Structures are given as structure tokens and as C-alpha cells.
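*Asks:* Dropping the structure in here first, questions after.
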Amino acid sequence: MDLTRVDDVRSASRSALVSRQADLASFESAFDLFWSLLRGGSLPARESTGTVRGGTADRIVAPQIPLPRAMAPAIQRAVRAAASPVELLRSIDFSAMTADERAAAARFLERLRWSPGERPSRRFRPARGGSRLDARATLRRTMSTFGEPALLLRRAPRPKRRPLVILCDVSGSMEAYTRLLLHMSHALGREWGRVETFTFGTRLTRITRQLRDRRPDAALARVSRTVADWSGGTRIGDALHEFNMRWSRRVLGRGAIVLLVTDGWERGDPSRLDDEAARLQRAAYRLVWLDPLSGTRDYSPDSRGARVLIAHVDDHLAANTLDSLMRVAELFGKVARGRPVRRAT
């Protein structure tokens, strides 16, 4: 069960643990105590019932349960270890997480809502306040009024989901972040649908088909078998050149947003990266650079690749914590309002 949803946990626990009507009151008291400990409370020193209001939050005081003194700290440690893992992990850098914390973060990313917005299409749909007159529908309606156009019907552009393209760096310098960022890519593909995903290190690999598996672990296992340059070197310029030459017209032709996920460490020619990044920005509706290093303390884009990329992206965001990825989701809610104004070069 997801321990962040109190009502779900209460209902599931009641179904699994209570078999008699007479036990419901005892269960409710025990559950209130359990949830109080989850939120950092302590075992009550005396028997009391009710809800104490103080400050901006309510503190539940449940009846005293006769437990040995040595068991009380053990129970508190156990329930705090399970307490709302998302809240505890939101500010932890992905590179510092344990295996269990990474699993909890991956589950959170799979549930996060992603919506890159919609774009107007050339097709129209009936709309009461539409900007255009629907002459065909209006004439058809006049057949029921003996040729008199008693009602003018209107239409508006039919919106379509805006495509999303993800270019994810899988080189050795990104190894601590790659798996969780691919979980983000899988969640985006499953939630939004119109997503094309590529990985790059020393070569470009399309993994859209591998990420279609609805099971995240199975999808990432297929990706690891497909990508040959995992944890290798980084040639961002060469990868962008291949994307611009081979895939750009196929996946960027309908106002796509591009997420470039990399730390900016470039071992190739910086001048080639400069040309290809500028070309990619011109072809994309919006170019967003997700940089795990930019969320670290005292970060400065001093590498050659980072200095080149920062001049050709519309947004430069951190991607090293759950909080930073939630800000990416918030950005998606704003990008549909208009294309960014870019400085002419």
C-alpha cells in the first residue's frame, strides 16, 4: 500500500485485520496511534481520547496501549522508517540514495502527472464560441427551418497533444542518475503517449519501443539490453548531429518539446556541439536542458559543453532530486502558453 494515502491504508488494514464488528473500535484507536507515530508523535503517557488542536495541524492522542517500554522505541523506529517515503526523499540527491530509496523514488515518478500541453491543429470541431462559422453545419440545420438560417453554428480548432522528445545521456558521468531519469521517461510515455525517447553516449539509440512495456522494471531491462554504450564516454555533438540528420524531421515537425537530459560533459568537438545545439533549438518548439549537476551546491557551468549548451537552450533546470523533477512537471503546464522569445544570432 501507498503509505502517503491515509484513507487507503485505513481501509486496507481494516479489511485485512478486522473480522468481527466488536473489534472495529479497537482497530480505529490502534490505527490512530499508529498514524500519530508515523507523523512524528510519541506514545501517550496516560490514557486519554480525543483530538487536541494546536497550531495549524491536529495531533491525534489515542488510548494508551500496554506495551513493554523497550518495544516503544522499536515501534517508533519501524513506523518512521515507513513514514511517507516521498516526503523524506524529495530533497535527497539521486546519487546519495540507497537501493530502497531509489525504488520508492521510482514508484513516485511513475505516479507523477505529466502534461506537456496541447497545440491547435488544422482540424476543427463544433464549438459554441468558436472563431469560425461552420457553413456546412449551418446549411444542414436550415433544412429543418425551411431554408431559414435561424441558428449560425460555429467551429474552433481541435487541440492535439503536443509531442515530446527526450534525449537522455547514459554515459559514465550520468550513471548515478540515469535509471531514475529513464523511469521519468517511462512515466511520460505511459501517461502522455506522444513521446519519443533516445539515449546517447558515444552513439544515438532510439528506445521508444522498449519503453512501451507497461511494467517499468521490464521496460528498463529491455533498454539496458538494447543500449550498447551504457556508462561509456560522451559525445553530445555527434549524437545531436545524428538526431538532427536522421530523426529531426520525423519527430519535431508538429511543435515538439525537447528534453535534453545531460550533465554537459563533452569529450568531442565543442564547435560541433555549438552548431548542432543551435540547429536543434531552431527545430524544436522549446528546448529544455535537464542538468543533474545544476542542482548541486556551488554549481557553475564551467565545462566546455555546459557553456555551449546554456547559450542554446530555452530552459536550464536541475534534475537531481524529486523536487526538481516536480518543477519540470510544473513547467510543462506553462510551456503551452507560447513559444519562448529567442534572441536572434
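*Asks:* State all residues of segment 187-222 that are of a type outside the set (D, E, K, R), out of contact with any strand residue (DSSP E or B) (no Cβ under 8 Å at 6 or more places or on another chain) and part of a loop (DSSP other than H, G, I, E, B); if no residue qualifies, say none.
*Replies:* Going residue by residue through segment 187-222, those that are of a type outside the set (D, E, K, R) are 187-189, 192-193, 195, 197-202, 204-205, 207-208, 210-211, 216, 218-221.
Narrowing the set further to residues that are out of contact with any strand residue (DSSP E or B) (no Cβ under 8 Å at 6 or more places or on another chain) leaves 187, 202, 210, 216, 218-221.
Within segment 187-222, just 202 meets the criteria.
*Asks:* Considering each of 19, 26 in turn, give the residue that is at pLDDT 85 or above, part of a loop (DSSP other than H, G, I, E, B), open to solvent by 50 Å² or more (accessible area, probe 1.4 Å) and more than 25 Å from residue 107 (Cβ to Cβ). Steps first, please.
*Replies:* Numbers: 26 fails: part of a loop (DSSP other than H, G, I, E, B).
Being at pLDDT 85 or above, part of a loop (DSSP other than H, G, I, E, B), open to solvent by 50 Å² or more (accessible area, probe 1.4 Å) and more than 25 Å from residue 107 (Cβ to Cβ) holds for just one of 19, 26, which is 19.
*Asks:* Considering only residues that are open to solvent by 40 Å² or more (accessible area, probe 1.4 Å) and farther than 20 Å from residue 115 by Cα, which ones fall in segment 302-327?
*Replies:* Within segment 302-327, 302, 304, 307, 310, 311 meet the criteria.
*Asks:* Mind listing whichever residues of segment 155-176 are outside any strand (DSSP E or B) and open to solvent by 50 Å² or more (accessible area, probe 1.4 Å)? Full working, then the answer.
*Replies:* From segment 155-176, those outside any strand (DSSP E or B) are 162-163, 170-176; that's our starting set.
Passing the criteria: 173, 175.
*Asks:* Go through segment 255-284 and give me each residue that's on the phi < 0 side of the Ramachandran plot, part of a loop (DSSP other than H, G, I, E, B) and open to solvent by less than 30 Å² (accessible area, probe 1.4 Å). Steps first, please.
*Replies:* Residues of segment 255-284 that are on the phi < 0 side of the Ramachandran plot, as a first pass: 256-263, 265-284.
Now restrict to residues that are part of a loop (DSSP other than H, G, I, E, B): 256, 262-263, 265-269, 284.
If the condition is that a residue be on the phi < 0 side of the Ramachandran plot, part of a loop (DSSP other than H, G, I, E, B) and open to solvent by less than 30 Å² (accessible area, probe 1.4 Å), then 256, 262, 263, 266, 268, 284 are the ones that fit.
*Asks:* While we're here: Scanning segment 99-135 for residues that are among the hydrophobic types (A, V, I, L, M, F, W, C) and open to solvent by 70 Å² or more (accessible area, probe 1.4 Å), which turns out nearest to residue 322 (Cα to Cα)?
*Replies:* Kept after step one, since they are among the hydrophobic types (A, V, I, L, M, F, W, C), are these residues of segment 99-135: 99, 103-106, 108-109, 112, 114, 124, 127, 133, 135.
Then keep just the ones that are open to solvent by 70 Å² or more (accessible area, probe 1.4 Å); that gives 99, 133.
Working: 99: 15, 133: 47 Å.
In this case the residue turns out to be 99.
*Asks:* Out of all the residues in segment 226-241, which are open to solvent by 60 Å² or more (accessible area, probe 1.4 Å) and out of contact with any helix residue (DSSP H, G or I) (no Cβ under 8 Å at 6 or more places or on another chain)? Steps first, answer last, please.
*Replies:* Here is the first cut: in segment 226-241, the ones open to solvent by 60 Å² or more (accessible area, probe 1.4 Å) are 228, 230, 235.
Within segment 226-241, 228, 235 meet the criteria.
*Asks:* Could you check segment 286-322 and list, in sequence order, the residues that are over 23 Å from the mean Cα position of the chain (by Cα) and not in a loop (DSSP other than H, G, I, E, B)?
*Replies:* Those that are over 23 Å from the mean Cα position of the chain (by Cα) and not in a loop (DSSP other than H, G, I, E, B): 304, 305, 306, 307, 308.
*Asks:* Same structure again: If you go through segment 178-202, how many residues are farther than 16 Å from residue 216 by Cα, surrounded by fewer than 24 Cβ atoms within 10 Å (Cβ to Cβ) and of a type in the set (Phe, Trp, Tyr)?
*Replies:* The number of residues fulfilling the criteria is 1.
*Asks:* So which helices (runs of 4 or more DSSP H) stay within segment 63-129 end to end and still have 3 or more residues that are under 22 Å from residue 174 (Cα atoms) and at pLDDT 55 or above?
*Replies:* Numbers: elements: 71-81, 85-89, 99-111.
The qualifying helices (runs of 4 or more DSSP H) are 99-111.
*Asks:* On to the next question. Taking into account only those residues within segment 29-53 that are of a type in the set (D, E, K, R) and surrounded by 13 or more Cβ atoms within 10 Å (Cβ to Cβ), which is modelled with the highest pLDDT?
*Replies:* Keep residues of segment 29-53 that are of a type in the set (D, E, K, R), which gives 32, 39, 46-47, 53.
From the residues that got through so far, the ones that are surrounded by 13 or more Cβ atoms within 10 Å (Cβ to Cβ) too are 32, 39.
Details: 32: 85, 39: 66.
Once the filter is applied, the top-ranked residue is 32.
*Asks:* Starting from segment 100-117, keep only residues that are on the phi > 0 side of the Ramachandran plot, then list their pairs with residues that are modelled with pLDDT under 80 and crowded, with 16+ Cβ neighbours inside 10 Å whose Cβ atoms are within a distance under 6 Å, requiring at least 6 positions of separation or different chains.
*Replies:* 117/335; 117/336
The values are calculated or read from the model by the stated rules, or taken from the named source; none is laboratory data. Computed from a predicted structure; not experimentally measured. FYI the Cβ positions are ideal-geometry reconstructions off the backbone, even for glycines, and counts take in every protein chain you see. For accessibility, only protein heavy atoms count, side chains too; no ligands or nucleic acids. Shrake-Rupley method; radii C 1.70, N 1.55, O 1.52, S 1.80 Å.
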